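Participant: Sharing a structure here in structure tokens format.
The values are calculated or read from the model by the stated rules, or taken from the named source; none is laboratory data. Given the structure is predicted, the values throughout are model-derived calculations rather than measurements. Here Cβ is always computed from backbone atoms with ideal geometry, including for glycine, and neighbour counts include all displayed protein chains. Heavy atoms of the whole protein, side chains included, go into the accessibility calculation; ligands, DNA and RNA do not. Shrake-Rupley method; radii C 1.70, N 1.55, O 1.52, S 1.80 Å.
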Amino acid sequence: MQHVNKCLLGWSALARQARKRSATGIYHVMARGINKEPIFRSDSDRLRYLAVLAEIKGSASFILHAYCLMGNHVHLLLQEREEPVGSTLKRIGSSYVFWFNRKYERVGHLFQGRFLSEAVEDDSYFLTVLRYIHQNPIKAGITQYCHEYPWSSYAVYAGTAQKGLLLVDTAFS
């Protein structure tokens, strides 16, 4: 019996930790490609991911405050509404992976494990995360200036986004 209890204790240590719930419902979410492999191989892949975001946003009613699509990972700053963030990200990921696998005639996982998330609890941290997301291409050495990178929501905040492409809500609520 003592051996069984030790085994059970070992399994509980392996149990997945619950995500920290945000009082504001706002999360900085990051999803990375498995083995750090690309999740976007072309601009059409990025356009498809944005289309999936728009589609799921319509039915899940989350607020997207910011995004940045990098080659092997994505950053989102989103606020959950009726649907929990985990369910929303599962729907986004499933839809995109199904399309990606069909397009590239592949099978299996595209994303590495479950997405990472940090609760955003106050205005100061919200602004810190917003800057971090938009500066990600600079830190990665892809560009020198945020406005030069077309796959982030920076243009919405700078007021230079095309009207039909407004997926992001810049009002902090």
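Participant: Of the accessible area of the chain, with the probe set at 1.4 angstrom, what percent is carbon plus sulfur?
Facilitator: 55 percent
Participant: Taking 25 Å as R0, compute the FRET efficiency from the Cβ-Cβ separation of residue 90 and residue 119 and round it to 0.05.
Facilitator: That gives a FRET efficiency of 0.85.
Participant: Show me the three semi-axes of the equivalent ellipsoid for segment 96-151, from the C-alpha gyration tensor (sqrt of 5 times each eigenvalue), largest first, rounded to whole Å.
Facilitator: Ellipsoid semi-axes (Å, largest first): 29, 19, 9.
Participant: For the chain, with a Gaussian network of springs between Cα atoms less than 10 Å apart, report the residue from 35, 72, 136 with the top mean-square fluctuation.
Facilitator: 35
Participant: In addition: Rolling a 1.4 angstrom probe over the protein chains, ignoring ligands and nucleic acids, what is the accessible area of residue 82 in square angstrom, nearest 10?
Facilitator: Residue 82 exposes around 150 Å² with every protein chain in place.
Participant: By how many nm would the segment from residue 55 to residue 148 lengthen if fully extended, with 0.36 nm per residue of separation less the alpha-carbon distance?
Facilitator: Using 0.36 nm per residue and subtracting the Cα-Cα distance, I get 30.9 nm.
Participant: Same structure, new question: Suppose the chain between residue 34 and residue 102 were pulled fully straight at 0.36 nm per residue; how much longer would it get relative to their current alpha carbon spacing?
Facilitator: 22.8 nm
Participant: Mind giving me the FRET efficiency for residue 42 and residue 171? R0 is 35 Å, r the Cβ-Cβ distance, nearest 0.05 is fine.
Facilitator: About 0.60, to the nearest 0.05.
Participant: Could you tell me which label, among (i) 1.00; (ii) 1.03; (iii) 0.97, carries the value of Rg/Rh (Cα atoms, Kirkwood Rh) calculated for this structure?
Facilitator: (ii)
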